[in-house]
Amino acid sequence: METVARGLQKSVAGRRIVSVRLGKTDFIDDPAALEQHLPGRQIEKVERYGKFMLLRLSARGTSAAGSENGDAEAASLLVHLGMTGQLAPCATAEPSLKHTHVWFALDDGRELRYTDPRRFGRMAYLTGALLAEELTAFGADPLLVSANEFAESIRSRNAQIKALLLNQGVLRGVGNIYADESLWRAKIHPMRRGTELSKKQAQVLRRVLQDVLRKAILARGSSISDFLDAEGEPGEYQRHHRVYGREGKRCYRCGTAIRRVIVAGRSSHFCPKCQPAPRLRTGTVRTKPKRRSGLGAS
């Protein structure tokens, strides 16, 4: 998301939205608000906030009518790309992709298009208090969080560390891939609980997490499935994955076969030797559910 936000900041910041055209709208909080309030506004800044992008918009006018409908107030367009979404500027004459659902005509003759085959994302027009309320649900930025704040936030919670890294109320913007990669580098099992980590382990985890994120940003992210950046180019960080998606392959550090376990509803890849499993009250960690015997097994 950081990669896409930086690309859009370079390509569309300063441009004015001339008109809005909508296709399917089931992922938009209030489609009419986009059509009513976006035309005439300038995109002042594009930034990442957690797993969302914020397109900061100028006020549109100061007339009495504008004041009544909120146009005199600066606003933001909040965008989540989901698993397959893309937001990118295109030449108006360029044919739209099959699953394009939003077209923002810009004052330089281009269109900013939102494309998403599965429509698992979200788009919302927010002003003032509504925007502030939305953002209060997010935790610290992993690239800016201090060592003490990170350690306190992680070590004060009894949840599993993988779940904590993915919890947007704890750290905003950490995805499944980078959580796995960071835990492997820090030699911490994804099912270890935050309260079980020493202060030194928390410090190491913060350092490697920030290092992974910065390198991924420079490589334009990881292209798994359909990910493309704001220029329509795939990322390259997947070439540097050391554990994610490598179930059954040898660990780059010790040669042990990489395993997979479900944590917080997500596949979590780890090395059983480099990342020793915690002692669990319910027994040992299972990497895959057991098959049920009998005719009902599938």
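Numerical summary
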quantity: Filtered residues of region 144-157 (kept if more than 24 Å from CYS274 (Cβ to Cβ) and assigned to a loop (DSSP other than H, G, I, E, B)); calculated: LEU144, VAL145, SER146, SER156
quantity: Enumeration of residues in region 70-123 that are farther than 21 Å from LEU135 by Cα, in contact with a strand residue (DSSP E or B) (Cβ under 6 Å, 6 or more places away or on another chain) and not in a strand (DSSP E or B); calculated: THR92, LEU97, HIS99, ASP107
quantity: Candidates LEU135, LEU97 - the one that is farther than 21 Å from ARG60 by Cβ and within 16 Å of the chain's Cα centre (by Cα); calculated: LEU135
quantity: Residues within region 173-210 that are touching a residue at least 24 places away in the same chain (Cβ under 8 Å), part of a helix (DSSP H, G or I) and β-branched (Val, Ile, Thr), tallied; calculated: 3
quantity: Extreme residue, surrounded by the fewest Cβ atoms within 10 Å (Cβ to Cβ), among residues of region 3-31 that are over 21 Å from THR100 (Cβ atoms) and modelled with pLDDT under 95; calculated: LYS10
quantity: Some residue of region 32-40 being at pLDDT below 95 and within 24 Å of the chain's Cα centre (by Cα); calculated: no
quantity: Residue within region 138-154 that is surrounded by fewer than 19 Cβ atoms within 10 Å (Cβ to Cβ), in contact with a helix residue (DSSP H, G or I) (Cβ under 7 Å, 6 or more places away or on another chain), at pLDDT 95 or above and farther than 16 Å from LYS51 by Cα present; calculated: yes
quantity: SER225, sole failed condition from (1) assigned to a loop (DSSP other than H, G, I, E, B); (2) at pLDDT 80 or above; calculated: (2)
quantity: Residue match in region 159-173 (condition: surrounded by fewer than 20 Cβ atoms within 10 Å (Cβ to Cβ), farther than 25 Å from VAL4 by Cα and in the same structural domain as ILE258 (by TED's automatic domain parsing)); calculated: yes
quantity: Test: residue in region 80-90 that is over 30 Å from GLY40 (Cα atoms) and buried (at least 18 other Cβ atoms within 10 Å of the Cβ); calculated: no
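Yes or no, residue by residue, for (1) of a type in the set (A, V, I, L, M, F, W, C); (2) more than 22 Å from GLU35 (Cβ to Cβ):
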| residue | (1), (2) |
| --- | --- |
| LEU78 | yes, no |
| MET83 | yes, yes |
| CYS90 | yes, no |
| SER96 | no, no |
| PRO117 | no, yes |
| ALA124 | yes, no |
| ALA132 | yes, yes |
| ASN148 | no, yes |
| ILE154 | yes, yes |
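The values are calculated or read from the model by the stated rules, or taken from the named source; none is laboratory data. Everything numeric in this text was worked out from a predicted model, so none of it was measured. In this analysis, Cβ positions are derived from the backbone assuming ideal geometry, glycine residues included, and neighbour counts consider all displayed protein chains.
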